[in-house]
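The values are calculated or read from the model by the stated rules, or taken from the named source; none is laboratory data. Every value quoted in this text rests on a predicted model; they were computed, and no experiment measured them. Glycine also receives a Cβ, built like all others from the backbone with ideal geometry; neighbour counts cover every protein chain displayed. Heads up: the accessible areas ignore ligands, DNA and RNA and are worked out on the full protein's heavy atoms, side chains in. Shrake-Rupley method; radii C 1.70, N 1.55, O 1.52, S 1.80 Å.
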Amino acid sequence: QLQASGGGLVQAGGSLGLSCVASGSIFNINLMGWYREAPGKQREMVAVIDSSGRTSYGDSVKGRFTISRDAGKRAVYLQMNRLKPKDTAVYYCHARVYGIDSWGQGTLVTVSS
C-alpha cells in the first residue's frame, strides 16, 4: 500500500509538501513518483525518481517542484513551491516494482488565486 499525506489549501505563490510511504509487500522499489489529475483532465506525471536518484519532471512544474526519496523508509516526497492555481489537482503517489504499478489513494491540493 501507498499512503500519501500533506495535501491541503494554499494561496498562489505558497508552498506545500507531500509525503508518501510504502508499506506491506511493496519492496525493491524501482521507481517512485507523483502524478496528478485535475478536474476534466487526464492524469499527468508530475515528478518521478528512480532507485539511483535520477529525477524527471513534468514541464509545467520544472524549477518549482522537487522530488526526493528515502529508500530506507520506502518513502517519496514532493516539495511544491511557487504554487499556481493550475496546480490544483488530486495528487497520486506511484511506485513501480519490477514492472508492477501501485497507486496511493490521492491527496487533494487546492491553490487559490
Inset, instruction - Just the ratio, please: alpha-carbon radius of gyration of the chain over 2.2 N^0.38 Å, N its number of residues. - result: 1.00
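For every other residue with a beta carbon closer than 12 angstrom to the beta carbon of V46, add +1 if it is Lys or Arg and -1 if Asp or Glu, then tell me the sum.
Values: positive: R36, R43, K62, R64; negative: E37, E44, D59, D87.
Value of the local net charge: 0.
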Legend entry - Per-residue ³J(HN,Hα) for the range 76-87, Karplus 6.51 cos²θ - 1.76 cosθ + 1.60, θ = phi - 60°, Hz, x for Gly and Pro: 9, 10, 9, 9, 10, 10, 6, 5, 10, x, 6, 7
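Grab the beta carbon distance between S51 and S15, set R0 = 35 Å, and tell me the FRET efficiency rounded to 0.05. Display every interim value, and only then the final one.
Values: r = 27 Å, r/R0 = 0.77.
Efficiency, rounded to the nearest 0.05: 0.80.
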Legend entry - Distance in nm between pseudo-label sites at Y98 and T110 (7 Å out along the Cβ direction from Cα): 4.2 nm
Inset, instruction - Kindly sort D59, D101, D50, D87 by accessible area of their heavy atoms, largest first, with the probe set to 1.4 Å. - result: D59, D101, D50, D87
Legend entry - Lysine pairs within the range 18-113, Cα separation less than 17 Å, 8 or more sequence positions apart or different chains: 4
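Relative contact order, percent, of the chain when contacts are C-alpha pairs under 8 Å separated by at least 6 residues?
About 37 percent, as a whole number.
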Inset, instruction - Name the long-range amide H neighbours of G14: under 5 Å, sequence gap of 5 or more, or other chain; modelled H, no Pro or chain starts. - result: L83
